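**Q** Dropping the structure in here first, questions after.
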Amino acid sequence: MTQDWQAVATAIANRLDERGMTMTELAGRSGVSLTTVRELIHVLNTRRRQPRTLTALSVALGWPAEHLGEILRGQASRPDGAADADSLATIRAELLDLQARVSALEADRDSASR
């Protein structure tokens, strides 16, 4: 089975940037040593990792538990986190639309009460 450690490194690094997190914060939140986080991000040691390591990192980064394992095995559709970014952009657009609608309703209510 092929393992794409570079894809895992890219996904983690991109997600850290998206979240404004440091490697130290990721290590603390995940319970994974800072050394291991550095090795993964810089693809320094591709020895076999415990599945729980990638699971803990995935969860700490706000992904489903199996996300980094899927990236490692080439099963994730968008390992760079773009799917999450697309979803976030959609949510933001919908929120702005809802805010505009609420403002319009409030304005209508205020003008009707005068």
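**Q** Pick out the one residue from Glu25, Glu18 that is modelled with pLDDT under 95 and within 24 Å of Leu88 (Cβ to Cβ). Talk me through it step by step, then tell me what you get.
**A** Numbers: Glu25 fails: modelled with pLDDT under 95.
On inspection, the qualifying residue turns out to be Glu18.
**Q** Could you please let me know if Gly31 is on the phi > 0 side of the Ramachandran plot and either out of contact with any Gly (no Cβ under 6 Å at 6 or more places or on another chain) or touching a residue at least 24 places away in the same chain (Cβ under 8 Å) (or both)?
**A** Numbers: on the phi > 0 side of the Ramachandran plot: yes; either out of contact with any Gly (no Cβ under 6 Å at 6 or more places or on another chain) or touching a residue at least 24 places away in the same chain (Cβ under 8 Å) (or both): yes.
So Gly31 passes the test.
**Q** Let me ask something else. Any residue in the range 1-16 that's without any contact (Cβ under 8 Å) to a residue 24 or more places away in the chain: show its pairings with residues that are buried (at least 17 other Cβ atoms within 10 Å of the Cβ) and assigned to a helix (DSSP H, G or I) at Cβ separation under 6 Å, as long as the two are six or more apart or on different chains.
**A** Close Cβ pairs satisfying both conditions: none exist.
**Q** Restricting the first residue to the range 46-62 and requiring it to be farther than 12 Å from Ser30 by Cβ, which pairs with a second residue that is modelled with pLDDT under 95 and assigned to a helix (DSSP H, G or I) meet a Cβ separation below 6 Å and a spacing of at least six or different chains?
**A** Filtered contacts from the range 46-62: Thr46/Trp5.
The values are calculated or read from the model by the stated rules, or taken from the named source; none is laboratory data. Just so it is clear, the model here is predicted, and its values are computed rather than measured. Every residue, glycine as well, gets a Cβ built from its backbone with ideal geometry; the counts of neighbours run over all protein chains shown.
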